[in-house]
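Read through the structure below, which is laid out as structure tokens, and then see the notes.
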Amino acid sequence: MERLGRLGWRPETLGPLVDGVRFVNDRIDVEYTEAGLRTLGLDGGKGYWFDHRAEEVVHALASVTRVTSVWDVGAGTGSMSTRLARAGKEVVAVEPLAEGAKAIARQGCDAVFCGSLEGLRLPSGCLRVMGLFDVIEHIRDPRPLMMEVHRVLEPGGIVALTVPALQALWSEADEVAGHHRRYGQKDLDAFMKACGFGRAMSRYLFASLVVPAAMSRAAPYRLGRRRRADEATSAIARQLAPGRIIDRAMRGVLHVERLAARRVRFPFGLSVMGIYRRDTTSAGKLGR
């Protein structure tokens, strides 16, 4: 934030600061709902899924950069922001939905903005590391967002992403979550390359959960057995916040998966994680 101040950026001009949240005076259409945020948990989320994703992201970031400041864009209820902060990162969270931004502020992040990345009107080339964790699948056309990410990152700057994986796993869970697509690893790499980002690393996460997800969600969906939206939402909430026994068991399974991933590259997973570097040209390919 001090660096941005030296560049002439003044957050106080964007809107009022209320209870730790800077409310940005911009208008943004958000397809994700506040009901969806509550499904994630307004306490930042508990359970193996949130923890494993964060641990993998922290490890991946450490492998490519020593920068400790991270801007978490589309931060939801703070599931990644708070875990990055616990890992020693200085975190700035950007979340367009007020309920999510307020939840993040209650968890004690360094700075929280309620608004869009575009609405912050950041100087070009001012940030070093950004994260978009399970964000771009919610946007019908994520290219304008990635063009803005490209603009505000310094040349060689890092953006970390996670996205749901494999279109074959599509189910009503994706529909109620407001997803527009699921990505293969190569799909995400190609999309980011088209946006002006070079791949530092990318791989699948949660490989051990693919078969259970296919059997319990994707296969019934393809066979026409559809749950009501409230039933699908309740199922997602239970999976994200399981009982103690299931949570402990899944942590053990994912620990084994993490060890195996050091030797074997999994060809599938429930999520894709990617770390990409902004190219050293003045604009992303989509802006040319």
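If I filter the range 40-47 for residues that are free of Cβ contacts under 8 Å to residues at least 12 places away in the same chain and farther than 25 Å from residue 261 by Cα, do I get at least one hit? Looking for residues that are free of Cβ contacts under 8 Å to residues at least 12 places away in the same chain and farther than 25 Å from residue 261 by Cα, one finds none in the range 40-47, hence no. Take residue 184 and tell me if it is modelled with pLDDT under 95 and farther than 21 Å from residue 129 by Cβ. Here the answer is no, as residue 184 does not meet what is asked.
Anything in the range 98-116 that is out of contact with any strand residue (DSSP E or B) (no Cβ under 8 Å at 6 or more places or on another chain) and charged (D, E, K, R)? List them, or say none. Scanning the range 98-116 gives 99, 106. Of all residues in the range 72-102, those that are of a type in the set (A, V, I, L, M, F, W, C) and in contact with a Gly (Cβ under 6 Å, 6 or more places away or on another chain) total 0. Among the residues of the range 144-171, which ones are surrounded by fewer than 21 Cβ atoms within 10 Å (Cβ to Cβ) and either in contact with a strand residue (DSSP E or B) (Cβ under 7 Å, 6 or more places away or on another chain) or acidic (Asp, Glu) (or both)? Selection gives 148, 154, 155, 156.
Taken residue by residue, the range 154-173 has no member that is under 23 Å from residue 61 (Cβ atoms), among the acidic types (Asp, Glu), under 17 Å from the mean Cα position of the chain (by Cα) and modelled with pLDDT of 95 or more.
Results for (1) without any contact (Cβ under 8 Å) to a residue 40 or more places away in the chain; (2) under 20 Å from residue 51 (Cα atoms); (3) over 18 Å from the mean Cα position of the chain (by Cα), shown as yes or no for each residue.
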site	(1), (2), (3)
195	no, no, no
211	yes, no, yes
215	yes, no, yes
223	yes, no, yes
238	yes, yes, yes
272	no, yes, no
279	no, no, yes
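Count of the range 93-108 residues, restricted to those that are of a type in the set (A, V, I, L, M, F, W, C) and surrounded by 24 or more Cβ atoms within 10 Å (Cβ to Cβ), is 5. Looking only at the range 241-266, residues that are more than 22 Å from residue 202 (Cβ to Cβ), under 23 Å from the mean Cα position of the chain (by Cα) and outside any helix (DSSP H, G or I) come to 2 in all. When the range 185-200 is examined, which residues are found to be out of contact with any Phe, Trp or Tyr (no Cβ under 9 Å at 6 or more places or on another chain) and more than 16 Å from residue 142 (Cα to Cα)? Scanning the range 185-200 gives a single hit, 186. Checked against the criterion of being out of contact with any Pro (no Cβ under 8 Å at 6 or more places or on another chain), modelled with pLDDT under 95 and closer than 24 Å to residue 57 by Cβ, the candidates 249, 237 yield just one match: 237. The condition of being touching an Asp or Glu at 6+ places or on another chain (Cβ under 7 Å), among the charged types (D, E, K, R) and under 14 Å from residue 168 (Cβ atoms) holds for only one of 181, 222, that being 181.
If you go through the range 130-143 and keep only what is surrounded by 22 or more Cβ atoms within 10 Å (Cβ to Cβ) and of a type in the set (Val, Ile, Thr), you end up with just 136. Determine if the range 57-71 includes at least one residue that is touching a Gly at 6+ places or on another chain (Cβ under 6 Å) and surrounded by fewer than 21 Cβ atoms within 10 Å (Cβ to Cβ). No, every residue in the range 57-71 fails to be touching a Gly at 6+ places or on another chain (Cβ under 6 Å) and surrounded by fewer than 21 Cβ atoms within 10 Å (Cβ to Cβ).
The values are calculated or read from the model by the stated rules, or taken from the named source; none is laboratory data. All figures in this text were calculated on a predicted structure; none of them were measured in a lab. Glycine gets a Cβ as well: all are built from the backbone with ideal geometry, and neighbour counts include every protein chain shown.
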